[in-house]
Amino acid sequence: MATDIKDTARAVEAAAVMRLLPHRPRLLALGEPTHGEDALLDLRNELFRQLVEQEGYRTITIESDCMMGLVVDDYVTSGTGTLDEVMEQGISHGWGSSAANRELVHWMRAYNVRADNDGRPVSERLRFAGFDGPLEITHAASPRQALTALHGYLAARVDANLLPCTADTLDRLLGSDDRWTDPAAMMDPSRSTGQSAEAGQLRLLADDLVALLDAQTPHLITETSPDDWDRARLYGRTALGLLRYHYWMADTSAARMARLVGVRDQMMAHNLLAVAARCPALVHAHNSHLQRGRSTMRMGGMPLEWWGAGALVSARLGDGYAFVATALGTIRHQGVDTPPPDTVEGLLYALPEERCVVDAPRLAAALGDTRPVPRVSPWFGYAPLDPARLADSDGIVFVKHVPQS
C-alpha cells in the first residue's frame, strides 16, 4: 500500500494539479486547513503565477471582503492608490498585514504594468476579487455601502420614476451604522436591528432595486462598461446578503447560528459564480468553505451543519469546479506535532517529499477498506482531513512542516 500511495504523489506545481483534472476548470479551488500561515500563502502565490503563465488564468479570488476587494482590483489593474493603502483598506480579516498577501498584490500590479507596456489587450490583465461577504467573526457590516452604491448606479442611468425610493429614504431607514455593526449582536439577538421595521423595509427596497437592475439589463449593458455592470450586480448581491444575514442575527431560534454560517457561504457562492462567469480563476479559502460535502463545526458547544460555498458552486458548475484540499504535517509553533501514522496525514508524512500533490481519488482507492483514523488536532485552528471524504476532492496538497511566519 505504501508503494501505491507514493505513486500518487507529485511535485507541487500547476502542471501536476492540472493533470488531476479532465480539463481546465472555471474555478480551481485551493483550500487551506488553517489561516494566517504565510508558508501556505507563498505556495498559493507560486501556483497562481504558474497558472497565469502556463494555463491562462487571469483572476485570483480569496476569502476576503468582496467590497473591500474592489480596492485591490483597482490597484492591480490601474495603479489606483499606494500598496500600503491597498493592503490596509482592501483585504479583510486582518490579513492585509501578511507579507505573502502583500507580495501577491505587488506581483499582480507589476505583471499588469508589463502587460500594458507590451500592448496586451485589457483581457490579459490580472484581476483580484474578494468573495467573502463584508462579515467578521465579531460583527457584520452595515448594508449602507452596497445599497447606496446600487441606488446611485441606477439613479444615474434609468428613469427616476422607476426607482423604488430616493437616496434620502435609504439614508433615513439605514440610520446610524453603529446600530448595524454592534459587536454585542453577534451573541445577543436582542441587540440586532436585523428584524426591525426599518430593516424589513430595506429588504423590500433592496429586492426592488436588484429587480430593476435585472429588468434594465439590455439598456444598462450598452450604457456602462462591463466592469461597472459587474460591480452593480455585486452591490445588489451584497446588499441582499447582508440584510438577510442581519435578519438571522436577530433570530432567537435554535437554528440561528446554522442560518448565519449558511448565509455567509451562500454569499460566497454567489460571488464565486460571478467570478466564474468572467474568466477562469484560482480560488483560495479554508477547506471547509471549498469542499464538496457538507461543512460541520462546533460553535459554543453546538454542532452545526450547512452546505458550504464549494458544495453550492459544484452543484451548479459540475466539473467546471475543482477542489484541491491542503493538509499539513506539523505546525509546531501551534503545538501540532508529527501526525500519528494511522491517519491520512501520517501516511503522507511518511513520504520523502517536503511538499507534494496527491491524486485524492487514487489515494482513496489505494487505501481500499483500510480507512485511516481521523486525526485529532491539539490546536483548534487546524482542521485535519476527514478520511471518509478523501474522494470528494480532486487532489490533496501536503506540506510536511509549516514554519512560524
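For beta carbons closer than 7 Å, sequence separation of 6+ or different chains, a first residue in region 95-121 that is closer than 28 Å to P134 by Cα and open to solvent by less than 80 Å² (accessible area, probe 1.4 Å) and a second that is of a type in the set (G, A, S) and not in a helix (DSSP H, G or I), the qualifying pairs are W95/S64; G96/G90; R109/G79.
Looking at A325, A364 in this structure, which one is modelled with pLDDT of 95 or more, buried (at least 16 other Cβ atoms within 10 Å of the Cβ) and either closer than 17 Å to A39 by Cβ or of a type outside the set (K, R) (or both)?
Answer to the check: A325.
For (1) open to solvent by less than 40 Å² (accessible area, probe 1.4 Å); (2) touching a strand residue (DSSP E or B) at 6+ places or on another chain (Cβ under 7 Å); (3) among the charged types (D, E, K, R), each residue gets a yes or a no:
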position	(1), (2), (3)
R125	no, no, yes
L135	yes, no, no
Q145	no, no, no
L154	yes, no, no
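Every condition in (1) free of Cβ contacts under 8 Å to residues at least 40 places away in the same chain; (2) in a strand (DSSP E or B) holds for I396 except the one numbered (1).
The set of residues in region 371-380 being touching a Gly at 6+ places or on another chain (Cβ under 8 Å) and either farther than 10 Å from V336 by Cβ or modelled with pLDDT under 95 (or both) consists of P372 alone.
Scanning region 178-197 for residues that are open to solvent by 70 Å² or more (accessible area, probe 1.4 Å) and either modelled with pLDDT of 95 or more or assigned to a helix (DSSP H, G or I) (or both) yields D178, R179, P183, S190, R191, Q195, A197.
Just name the residue that is farthest from V358 (Cα to Cα) out of those in region 333-347 that are in a helix (DSSP H, G or I) and in contact with a Gly (Cβ under 9 Å, 6 or more places away or on another chain). Full working, then the answer.
Kept after step one, since they are in a helix (DSSP H, G or I), are these residues of region 333-347: 333-334, 344-347.
So of that shortlist, the ones also in contact with a Gly (Cβ under 9 Å, 6 or more places away or on another chain) come out as 334, 345-346.
Working: Q334: 25, E345: 12, G346: 14 Å.
Among those residues, the one meeting the criterion is Q334.
Starting from residues that are out of contact with any helix residue (DSSP H, G or I) (no Cβ under 8 Å at 6 or more places or on another chain) and hydrophobic (A, V, I, L, M, F, W, C), keep the ones in region 312-357 and report whichever is nearest to N271 (Cα to Cα). Among those residues, the one meeting the criterion is A315.
Scanning region 328-338 for residues being among the charged types (D, E, K, R) and open to solvent by less than 10 Å² (accessible area, probe 1.4 Å) gives a total of 0.
The sole residue among D392, D386 that is touching a Lys or Arg at 6+ places or on another chain (Cβ under 7 Å), open to solvent by 10 Å² or more (accessible area, probe 1.4 Å) and among the acidic types (D, E) is D392. Sub-6 Å Cβ pairs linking a first residue in region 356-374 that is without any contact (Cβ under 8 Å) to a residue 40 or more places away in the chain and β-branched (V, I, T) to a second residue that is in a loop (DSSP other than H, G, I, E, B) and open to solvent by 30 Å² or more (accessible area, probe 1.4 Å), at least 6 apart or interchain, are V373/D342, ordered by first then second residue.
Checked against (1) within 21 Å of R127 (Cα to Cα); (2) open to solvent by 40 Å² or more (accessible area, probe 1.4 Å), L20 passes all but condition (1). Taken as a whole, the condition of being loosely packed, with under 14 Cβ neighbours inside 10 Å and assigned to a helix (DSSP H, G or I) applies to D214. With a requirement of 1 or more residues that are open to solvent by 10 Å² or more (accessible area, probe 1.4 Å) and closer than 15 Å to S393 by Cα, the strands (runs of 3 or more DSSP E) lying completely within region 273-319 that satisfy it span 281-286.
Residues of region 221-266 being of a type in the set (S, T, N, Q), open to solvent by 30 Å² or more (accessible area, probe 1.4 Å) and not in a helix (DSSP H, G or I), which ones? Within region 221-266, S225, T252, S253 meet the criteria. Assess whether T193 counts as being touching a helix residue (DSSP H, G or I) at 6+ places or on another chain (Cβ under 8 Å), over 30 Å from A29 (Cα atoms) and among the polar types (S, T, N, Q). Spelling it out, T193 is indeed touching a helix residue (DSSP H, G or I) at 6+ places or on another chain (Cβ under 8 Å), over 30 Å from A29 (Cα atoms) and among the polar types (S, T, N, Q). Take region 122-141 and flag every residue that is under 30 Å from A185 (Cα atoms) and without any contact (Cβ under 8 Å) to a residue 60 or more places away in the chain. Listed by number, the residues that qualify are E136, I137, T138, H139.
Listed by position, the helices (runs of 4 or more DSSP H) contained in region 1-94 that have at least 1 residues being modelled with pLDDT under 95 and either acidic (D, E) or within 19 Å of V324 (Cβ to Cβ) (or both) are 2-7.
The residues of region 367-382 that are assigned to a loop (DSSP other than H, G, I, E, B) and open to solvent by less than 40 Å² (accessible area, probe 1.4 Å), listed by number, are P372, R375, S377, G381, Y382.
The values are calculated or read from the model by the stated rules, or taken from the named source; none is laboratory data. The model shown is predicted, which means the values in this text are computed figures rather than measured ones. Positions of Cβ are generated from backbone atoms using ideal geometry, with glycine treated the same way; all protein chains shown enter the neighbour counts. Just the protein is used for accessible areas: all its heavy atoms, side chains included, with ligands, DNA and RNA removed. Shrake-Rupley method; radii C 1.70, N 1.55, O 1.52, S 1.80 Å.
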